[in-house]
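J.: Sending over a structure as structure tokens; questions will come in a sec.
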Amino acid sequence: MSRSPSFSMKSELPSSTIDPESLQKWVAAFCIIRFDLEQGQLIEDCYPSGCLSQEEEIEVAFSSFPDSVSQHHNRSSIHDCIFFFRFRRRGVAQHQLKLPSSEITELDEEDKPSPQRSVRYNSGRRFLYGFVFNRQRHDEKLRRGGEQKSVVILSYSPYSSVFKPLLQIMGPLYFDIGKKSLEHIAACISKWPNPVPGKLMELPIGNASLKVNLPPSHSLPLDEDGINIFEESNSAMAPFLPNNQSVPQGLFHDSDIFAIFRGVLLQLWMLWELVLIGEPILVISPTAPQCCEAVTSLVSLVAPLLCSVDFRPYFTIHDPEFKRLNSLREGDSFPSMVLGVTNLFFLKSLKHIPHVLSVGNPSMNSSRVSVSNVPLKRFSPAGFLNAVKMRRDGPLCLMTEHREAIWSSYNATTKPDTSILNRLIDAGLSPRVEESMSVVNNEILRRHFLELTTNFLAPFGPYFRATTPSAGSSPFVDPPPLPPFKVDEFVASLSARGPGKFLSKRMRSNWLELYRRFLNGQNFMPWFSRRRAVAEKEQLRLWRQARMVSDITLVMSRMSELEVVDLFNAIERFILEETILGKTCEKFKSDLLAVFNVIPEDVQQLLVLNPQRAALLNVEAS
């Protein structure tokens, strides 16, 4: 795994022609946001214009600057950082969006769900992702000694592996040549091929090329109609452990788990459980980039599970949902969220959130998470006493000094795997050694948690097992339904057979309670329903394939006269269903005619009274 994209130089420069429809498959908008001393955060430019509601413009503006409370004084003349945020769409009707004409025709008058929505890229998405390149310029000649401006890429997709390296090019380019850079970047992106989830893609940008892995389709959030715009394959989803580790199995495959959780490595297994069962977590880091790295790393821990928890890589008090969260009182149920914050005010305003995680190095304020010369924390009596003291003092101790710790009353079922921790390589002294170390350590950790999640999900495998027609049976019938899922029966069966060899070594005796929490949590039903739908689709494919290779003469030879008539009706129904979907299968038409020819003549005459059926058989209606 590489933390940085691969670049290969190209000689040609992009033209200025922009295809809006192609652009929106990747990018919803570009924004330039300036911090004005009199008016605060202002959107200076937005392309294309009119794509955001007024409420969304305000939210994007406030979320595109690192929180001033979290920033340590920096005397350098220019300071850049990259981070991203996620917010819920609101206050904009579909007809207000400036969509390409081909998409406008797919919207009905009341914006109700329709089958065609599955091919749209920007409509019906509940969340937007804002990827930010922020520049702080310190100059004593300027008023208040400096200025701030942010370049923001808004997208409907959480493609951090694409947009973070893209901002490394786009951000400095904007500050060099201004607004013209937006047009150049937009022109390049509009020439990119369509996104292919789970694949390594080469995306030309100016005179370079980004080589990035996109997250797999099964990890991408659904739109508000429960429709995924990408095809999902049965083999690509849990509980199958992949052979190729370089292919992403979930969101944020590029996050640096090792670097950001370096100070709390022993707690990774508890954090994995908290995300798995959908518990609310408040993540506090000194800087916005570290905050994002922590939240995305948490989400990536549960791959290949579809994470349905509402995660916010960088959350501010200006988010409309803060008011609702701030109003919660002790005893109220906190929503299933992972909130990344830098403002210590959240420690008081969200004091009832059950789990608080503090990570990150206050001395580092860059877009990369650095851990140079920071030793791995080993167990020691002094360290244990400090941890006990911090637990007693609670997260409010962070108001006086930043520390890496977790505050939670949750008793984890999964034991830390010391064999995995012992394989991790300690830090080197040079950045090059550090990056290589981080790559190796991340591969170790990611592989382990992928295997842990896959084994945890394995007992659900039988509910997704597609069948094929048994030998000697007719494939021209509807396939049997998948096994029904009943919680009580599942838990009883699981209790009887045990957690399996892999989990039994790593979990305590209360392992069944973890499954109960998972079944009642935020992640289970969306993952199960989606996985089930893919399995049902796969079963239909397998049965259709069996019909394609079947010998209709052999199938009829085992049937009575009445069964042959039923066979005729079944084949006719399959043909009509495929016709509706725009498919034509000559093999099925040939089978239909073959069955028709062996049916008694009086029944044939009755059948062809229907003109549509007669046309299908290519015979004259009686």
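J.: For a protection proxy built on the mean count of beta-carbon atoms within 10 angstrom, sort 475-482, 214-221 highest first, please.
T.: Result, highest mean first: 214-221, 475-482.
J.: Label 7 Å along Cα→Cβ of Asp488; region 509-532 residues with amide nitrogen under 18 Å?
T.: So the set is 516-517, 519-520.
J.: What is the sum of charges, Lys and Arg at +1 and Asp and Glu at -1, for the other residues whose Cβ falls under 14 Å from the Cβ of Ser419?
T.: Spelling it out: positives minus negatives among the neighbours equals +3.
J.: For the pairs Lys486/Lys537; Lys25/Lys191; Lys149/Lys211; Lys415/Lys501, flag any whose C-alpha to C-alpha distance is greater than 18 Å.
T.: Those over the limit are Lys486/Lys537; Lys149/Lys211.
J.: Once a ≥ b ≥ c are taken as the square roots of the eigenvalues of the Cα gyration tensor of region 488-571, is the result rounded (a/c under 1.5), prolate (a/b larger than b/c) or oblate (a/b not larger than b/c)?
T.: Prolate shape, in that a/c is at least 1.5 and a/b is the bigger ratio.
J.: Cβ neighbours within 10 Å, averaged per peptide: list 176-189, 307-320 in order, most packed at the top.
T.: Final packing ranking: 307-320, 176-189.
J.: Right, something else. Over region 512-622, with a single point scatterer placed on each C-alpha, what log10 of the ratio I(q)/I(0) does the Debye formula yield at q = 0.10, 0.16, 0.18, 0.23 1/Å?
T.: So the normalised log intensities are -0.45, -0.78, -0.92, -1.31.
J.: Within 9 Å, Cβ to Cβ, of Tyr410, how many net charges do the neighbouring residues add up to if Lys/Arg are +1 and Asp/Glu are -1?
T.: Net charge in that neighbourhood comes out at -2.
J.: Just flag the trypsin sites (Lys or Arg not before Pro) in region 565-622 sitting in loop per DSSP whose Cβ has no more than 14 other Cβ atoms within 10 Å.
T.: Numbers: sites: Arg573, Lys583, Lys587, Lys589, Arg613; in loops: Lys583.
Filter output for region 565-622: Lys583.
J.: While we're here: Using θ = phi - 60° and the Karplus form 6.51 cos²θ - 1.76 cosθ + 1.60, what ³J(HN,Hα) does each residue of region 524-537 get, whole Hz, x for Gly and Pro?
T.: Per-residue couplings from phi come out as 5, 4, x, 5, 5, 4, 5, 5, 5, 4, 5, 5, 5, 5 Hz.
J.: Taking a 1.4 Å probe, which of Met437, Met559, Met525, Met548 shows the most accessible area, and what order do the others take after it?
T.: Met525, Met548, Met559, Met437
The values are calculated or read from the model by the stated rules, or taken from the named source; none is laboratory data. Because the structure is a prediction, the values reported are computed rather than measured. Positions of Cβ are generated from backbone atoms using ideal geometry, with glycine treated the same way; all protein chains shown enter the neighbour counts. All accessible areas refer to the heavy atoms of the entire protein, side chains included, with ligands and DNA or RNA removed. Shrake-Rupley method; radii C 1.70, N 1.55, O 1.52, S 1.80 Å.
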